[in-house]
Amino acid sequence: MVKATINNFESLALSGKTIGAISYATRKSVGRKSETDIAVVNLNDSLETFNIQPQSGFNFGTSMGTKLKLINSRLVATEVRSNNRISVAPGVQGELVPLSDTRVNEYDEDEYDMVYITGKNRKPVARVRSKDAFDVNDLVFFGSEVRYKTDNRNELVMENGEPAVSGYRLNFAQSKVQDDETGHLISIIISEDEYNRLAPTLKTQHKYVPKGLKIAFAGNETTNWTIYADTLVPVEADVKEQPKTSGNATKATSTNTSNNDEKGGKS
């Protein structure tokens, strides 16, 4: 049986227009052997830059300051080299085309229903399509875990002699996904206050729809994405049969309970 993983998504469609206005700046080489050329662009005529892996044949000789637009783009995990080390980081791939190009995204803008945020300070970056990761209407709740605050040394933050709580991780399976398929376990983090509000009514084997979805890159051994939500809304029709979860799946959801969702990130 394939080992189940948590929030393990290959890529998510990303709305290029939600990044902001794009002006071409220069070319940069990345990857394990610096074999991949990416376009560095300025956003909204500011000093802020953003890296995009463009389509094959993109003209890297484009004049600096040229206005472009990004279509049919995707948020992915990519390999990068830093100080002679190879690590995995989030990246954006897509087509960089002139503003006059009449083509549009494959999906309507209202399908980009989740916000991609940075892992450390949760700054909004762009909107992505949750359907590429999971079905928001097919999340069957089966358990929750507390998350604790940690400091810069990854040690627990204490308040009144007790570990400080940063939030709760809610664990879901998907009834329409087979148990031996990789990546079907979904964990969503909500605030402590919202969890306390919802806890009296939360029921295992019932479906809930998350609202106010946000996603950040984690890239650790347990999961490669961290998902946040503002709240959950119960689905009226109860789930008749709880999806099976394998021993490996159960073990995976019980690890790294404190704060290992985000690489280098703190709550």
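The values are calculated or read from the model by the stated rules, or taken from the named source; none is laboratory data. These numbers were taken from a predicted model, which means no experiment stands behind them. Methodologically, a virtual Cβ is constructed for each residue, glycine included, from the backbone with ideal geometry; neighbour enumeration extends over all protein chains shown.
Just a few scattered comments:
Rundown of residues vs (1) touching a strand residue (DSSP E or B) at 6+ places or on another chain (Cβ under 6 Å); (2) in a loop (DSSP other than H, G, I, E, B); (3) polar (S, T, N, Q); (4) at pLDDT 95 or above, yes/no style:
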residue	(1), (2), (3), (4)
Lys33	no, yes, no, no
Asp37	yes, no, no, no
Asn42	yes, no, yes, yes
Gly65	yes, yes, no, yes
Leu70	yes, no, no, yes
Ala77	yes, no, no, no
Arg81	no, no, no, no
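- Residue, modelled with the lowest pLDDT, within segment 84-128, restricted to residues that are among the aliphatic types (A, V, I, L, M) and under 12 Å from Ile71 (Cα atoms): Val104
- Any hit, segment 39-49, residues being within 23 Å of Thr226 (Cα to Cα) and among the hydrophobic types (A, V, I, L, M, F, W, C): no
- Taken together, Val157, Val177 contain a single residue that is surrounded by 12 or more Cβ atoms within 10 Å (Cβ to Cβ), touching a Phe, Trp or Tyr at 6+ places or on another chain (Cβ under 9 Å) and touching a residue at least 12 places away in the same chain (Cβ under 8 Å), which is Val177.
- Residue in segment 1-16 that is outside any loop (DSSP other than H, G, I, E, B) and over 18 Å from the mean Cα position of the chain (by Cα) present: no
- Applying the condition of being among the polar types (S, T, N, Q) and within 22 Å of Val177 (Cα to Cα) to segment 112-139 and asking which residue is farthest from the chain's Cα centre (by Cα) yields Asn137.
- Checking Asp108 against (1) without any contact (Cβ under 8 Å) to a residue 24 or more places away in the chain; (2) within 23 Å of the chain's Cα centre (by Cα); (3) surrounded by 11 or more Cβ atoms within 10 Å (Cβ to Cβ), the condition it does not meet: (3)
- Only one of the listed residues (Thr118, Thr150) is over 30 Å from Gly94 (Cα atoms), in contact (Cβ under 8 Å) with a residue 12 or more places away in the chain and surrounded by 12 or more Cβ atoms within 10 Å (Cβ to Cβ). That residue is Thr150.
- Of all residues in segment 121-137, those satisfying the criterion of being on the phi < 0 side of the Ramachandran plot, surrounded by 14 or more Cβ atoms within 10 Å (Cβ to Cβ) and touching a Phe, Trp or Tyr at 6+ places or on another chain (Cβ under 9 Å) are Val125, Ala126, Arg127, Val128, Arg129, Ser130, Lys131, Asp132, Ala133, Phe134.
- Test for Val209: is it hydrophobic (A, V, I, L, M, F, W, C), at pLDDT 95 or above and either farther than 21 Å from Leu75 by Cα or assigned to a loop (DSSP other than H, G, I, E, B) (or both): yes
- Set side by side, the residues Gly57, Gly20, Gly61 differ, and just one is within 28 Å of Leu213 (Cα to Cα), free of Cβ contacts under 8 Å to residues at least 40 places away in the same chain, surrounded by fewer than 19 Cβ atoms within 10 Å (Cβ to Cβ) and of a type outside the set (S, T, N, Q), which is Gly20.
- Gln178 being modelled with pLDDT under 90 and out of contact with any Lys or Arg (no Cβ under 7 Å at 6 or more places or on another chain): yes
- Among the residues of segment 197-213, those that are in contact with a Pro (Cβ under 9 Å, 6 or more places away or on another chain) and basic (Lys, Arg) comprise Lys203, Lys207.
- Strands (runs of 3 or more DSSP E) fully within segment 100-181 counting 3 or more residues that are assigned by TED's automatic domain parsing to the domain that holds Lys203: 140-148, 165-173
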